[in-house]
1. Would you mind finding the one in Gly168, Gly177 that is of a type outside the set (A, V, I, L, M), loosely packed, with under 14 Cβ neighbours inside 10 Å and at pLDDT 90 or above?
2. For the range 94-112, give me each residue that is under 17 Å from Asn124 (Cβ atoms), loosely packed, with under 13 Cβ neighbours inside 10 Å and in contact (Cβ under 8 Å) with a residue 24 or more places away in the chain.
3. Among the β-branched types (Val, Ile, Thr), assigned to a helix (DSSP H, G or I) and over 22 Å from Ser166 (Cβ atoms): is that true of Val129 in this structure?
4. Name the residue that is modelled with the lowest pLDDT, counting only residues in the range 113-143 that are surrounded by 13 or more Cβ atoms within 10 Å (Cβ to Cβ), of a type outside the set (Phe, Trp, Tyr) and in contact with a Ser or Thr (Cβ under 9 Å, 6 or more places away or on another chain).
Amino acid sequence: MSQTYTLFSDKNIKNEFHKGDDLFMIIKFKLVFLILICGLISTSCALQRHSDSGYSSTRPIHFKRTPRTPSLGTDVSLNDSQRLKRLESNLQSQQEIKQYYKYKPLLKTDQKRISFLQQQGVFNRNLWVEKYLFPKEKKTFSSKEIKMIANRDITIGMSQNAVIESWGKPTEKRVAGQSLRGNELWVYKKLVPTSNGYKTEFRHIFFETGHVAGWETK
């Protein structure tokens with residue numbers, strides 16, 4: 001009976017020993033794991049990054065701006081005269097050149113000439129002329145008058161407004177006959193070159209009922 005009790009007690013002791021050993025291993029594993037975690041945390045906190053690494057929170061961020069390349073005719077570094085010369089030099093066909101120099105006298109400013117030349121092609125430039133060069137004339141001027149204005153010329157039947165658009169304002173206006181009926185004589189004075197230098201030329205335009213009835217040059 002005593003022997004059986006002794007064996008039973010030894011077995012219990014061994015079981016208790018193994019249980020304690022397992023518990024010790026578990027505790028040891030947890031301690032190692034905690035030590036590793038604490039080491040990683042301390043290493044992360046102590047990490048110092050170079051200012052040029054790209055990760056520094058104190059490094060200012062700079063954005064590089066790419067300069068825009070201005071398009072032809074819109075280069076702000078060029079004045080109107082330079083832009084106009086560049087656009088004129090880009091005229092290719094004889095049709096484009098002839099069209100431009102036909103309307104050039106009517107394009108009074110560099111801005112208007114630039115705007116005209118910025119249109120693509122002869123057709124679009126003709127549309128621009130109809131829309132912007134003769135915005136009022138389209139209602140009051142006939143197609144024949146518009147053609148005369150483009151050629152800096154006059155013809156029988158032209159209105160006074162059309163003559164002003166073609167030749168400018170007269171030097172002098174005189175009443176001829178009945179003024180209420182629009183009968184007037186307009187005098188234009190112009191210097192013209194001769195073999196002996198320049199001379200003053202007088203052009204007289206006669207109006208009846210507000211339209212050209214005839215003209216003479218003296």
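1. After applying the criteria, what remains is Gly168.
2. Result: Gln95, single match.
3. Here the answer is no, as Val129 does not meet what is asked.
4. Applying the filter and picking the extreme gives Ser142.
The values are calculated or read from the model by the stated rules, or taken from the named source; none is laboratory data. It should be emphasised that the depicted structure is a prediction, and the values quoted were computed from it without experimental measurement. No Cβ is skipped: glycine too gets one built from the backbone with ideal geometry, and neighbour counts run over all protein chains shown.
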